[in-house]
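The values are calculated or read from the model by the stated rules, or taken from the named source; none is laboratory data. Note that the coordinates shown come from a computational prediction; the quantities given were computed from them, not determined experimentally. Cβ: placed from backbone, ideal geometry, glycine included. Neighbour counts: every protein chain shown.
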Amino acid sequence: MITPTRSPQVAFVPMRAQVARIHEVSPTFRRFTLTGPEIATVADNRLDQRFKILFPTPTAGLDAMPLDDEWYAAWRELDNDARPPMRTYTVREVRSESAEFDVDIAVHGRLGPASSWALDARPGDEIVVCVPHTGFAGDFHGGIDFRPPAGVERILIAADETALPAVSGILERFPASATGIAVIEVPHADDAAALAVPPPGVEVRVVARGQDPTGTLLVPAVQQAAETVLAPSTGSTEAFEDIDIEAGILWDVPTDAAGNPLLERGPFYAWLAGEASPIKQLRRHLVRDRGVDRRSVAFMGYWRAGRPEM
Ligand SMILES: Cc1cc2nc3c(=O)[nH]c(=O)nc-3n(C[C@H](O)[C@H](O)[C@H](O)COP(=O)(O)OP(=O)(O)OC[C@H]3O[C@@H](n4cnc5c(N)ncnc54)[C@H](O)[C@@H]3O)c2cc1C
C-alpha cells in the first residue's frame with residue numbers, strides 16, 4: 001500500500017490501523033491498541049480528542065477506502081453497501097515511540113457496527129482511523145471540546161460510559177489551578193477500572209446503573225455535585241431555550257470558530273457528555289434552574305438511545 005503525502009493544511013487524515021493487542025479492561029470496556037505504518041504520526045493531544053473509525057463489514061471492505069485528503073467526498077459517494085460505517089471515538093493514549101495508540105470501546109451488544117466489531121475483533125484485524133496528525137501546521141487540530149476559560153477554579157464533569165475515555169484524557173491534563181467533581185455513570189461498578197487516576201484536586205463519583213436506562217443515576221448525582229461546585233442558585237436571567245433532541249443533536253460548546261473559549265476568564269466550567277436525554281436535562285438544570293452562564297458549559301448529548309450515530 002502506498003502512503004499518501006500529507007498536507008500540512010489538513011488536521012485529520014485517514015490511515016489504515018491494525019489491532020496489535022486487546023485488553024479486557026472491565027465488563028463494558030475493551031481496549032484496542034492500534035498500530036500501523038503511519039500511526040507514529042498520530043498527535044498526542046489527550047483531553048477529549050475525538051477521531052473517527054471506519055469499520056469493515058461483510059459488504060464494505062477497506063480496500064475501496066481512499067486514504068488521501070479527498071477521502072470524505074469519495075467515502076460519501078460509495079454505494080451504501082460498499083461504504084464502511086463511520087463512528088466517533090476518543091483517543092485514549094498515544095505512544096508515538098512504539099507507533100501505537102489506544103481506544104477504549106464500550107461494547108453494548110450487536111446493534112451497531114462499532115460494537116459488533118469490538119466484540120468480534122482479533123489481533124491483526126484492520127480498520128481505518130481518521131486522526132489528528134503531527135504533520136499539521138496549525139495550532140489546534142480541533143475535535144477537542146474541553147476548552148475551559150483561563151483561571152478556572154472549579155470544574156464539574158458529567159459523563160456516561162461513552163465519554164469515560166474522554167474524562168480520563170481530561171483528568172490527565174486537568175488545569176493545575178482547578179479543583180472539581182467528575183460524575184461518571186457506567187453499567188457496572190467495575191467499569192471504574194477504565195478510568196485514569198484523578199489528580200488530587202478532583203473527586204470522582206462513579207455510579208453504576210445496572211440494567212436501568214442510561215442517565216437514571218447520572219442526573220441526580222450531577223445535580224447533587226452541582227450543589228457543591230456551584231455558588232448558590234440565582235436562577236437564569238436569560239431566556240432559556242430547550243434543544244429539540246428529536247430534531248437535532250445537542251451539541252453546545254462555548255468556543256469560537258478557532259476553538260478558543262468564549263469567556264476569556266472565569267471561575268467555573270462544566271463539561272457534560274453522553275446520551276442526549278440526560279444531558280438535555282442537565283443543561284436545563286444548570287443553565288435555566290441554576291443560572292449558570294452558558295459560556296461556561298460544554299454540553300454534548302451526542303448519542304441517542306434507539307438510534308444509530310448520525
Ligand atoms: C465525540 C465522541 C466521542 C466518543 N468516544 C467514545 C469512546 O471513546 N468510546 C466509546 O465506547 N464510545 C464513544 N463514543 C460513542 C460512540 O460513538 C457511540 O456509542 C456509537 O453510537 C457506537 O456505534 P455503534 O455502531 O456501536 O452503534 P450505532 O450504530 O451508532 O447505534 C446502534 C444502536 O445502539 C445504541 N447505542 C449506541 N451506543 C451505545 C452505547 N454505548 N450503549 C448502549 N447503546 C448504544 C444506539 O442508540 C442504537 O440504538 C463517542 C461519541 C462521540 C460523539
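Residues of the stretch 89-139 that are modelled with pLDDT of 95 or more, outside any strand (DSSP E or B) and of a type in the set (A, V, I, L, M, F, W, C): VAL91, ALA99, VAL107, ALA114, TRP117, ALA118, LEU119, ALA121, PHE136, ALA137. With respect to being more than 16 Å from the ligand (Cβ to nearest atom), of a type in the set (Gly, Ala, Ser), touching a residue at least 12 places away in the same chain (Cβ under 8 Å) and surrounded by 24 or more Cβ atoms within 10 Å (Cβ to Cβ), GLY180 fits the description. ASP160 satisfies every condition listed in (1) away from the ligand (no atom under 13 Å from the Cβ); (2) assigned by TED's automatic domain parsing to the domain that holds LEU250 except (1). Screening ALA257 on (1) of a type in the set (A, V, I, L, M, F, W, C); (2) more than 30 Å from GLY109 (Cβ to Cβ); (3) buried (at least 16 other Cβ atoms within 10 Å of the Cβ) shows it passes everything except condition (3).
Within the stretch 193-231, the only residue that satisfies the criterion of being farther than 19 Å from ARG283 by Cα, buried (at least 16 other Cβ atoms within 10 Å of the Cβ) and in contact (Cβ under 8 Å) with a residue 60 or more places away in the chain is ALA194.
A residue that is closer than 27 Å to PHE146 by Cα, in a loop (DSSP other than H, G, I, E, B) and not hydroxyl-bearing (Ser, Thr, Tyr) occurs somewhere in the stretch 69-82. Say we look at the stretch 231-256 and pick out the residues that are under 15 Å from ALA270 (Cβ atoms), among the hydrophobic types (A, V, I, L, M, F, W, C) and assigned to a loop (DSSP other than H, G, I, E, B); which of these is modelled with the highest pLDDT? Looking at residues that are under 15 Å from ALA270 (Cβ atoms), among the hydrophobic types (A, V, I, L, M, F, W, C) and assigned to a loop (DSSP other than H, G, I, E, B), I get VAL253.
Scanning the stretch 294-310 for residues that are outside any strand (DSSP E or B), touching a strand residue (DSSP E or B) at 6+ places or on another chain (Cβ under 8 Å) and either within 16 Å of the ligand (Cβ to nearest atom) or free of Cβ contacts under 8 Å to residues at least 40 places away in the same chain (or both) gives ARG304, ALA305, GLU309. Of everything in the stretch 257-293 that is within 16 Å of the ligand (Cβ to nearest atom) and among the small types (Gly, Ala, Ser), the residue that is modelled with the lowest pLDDT is GLY259.
The residue that is farthest from the ligand (Cβ to nearest atom), counting only those in the stretch 209-226 that are within 8 Å of GLU185 (Cβ to Cβ) and not in a loop (DSSP other than H, G, I, E, B), is ALA221.
Kindly indicate whether any position in the stretch 167-189 is among the hydroxyl-bearing types (Ser, Thr, Tyr), at pLDDT 95 or above, closer than 30 Å to PRO66 by Cα and in the same structural domain as TYR269 (by TED's automatic domain parsing). No, the stretch 167-189 has no match at all.
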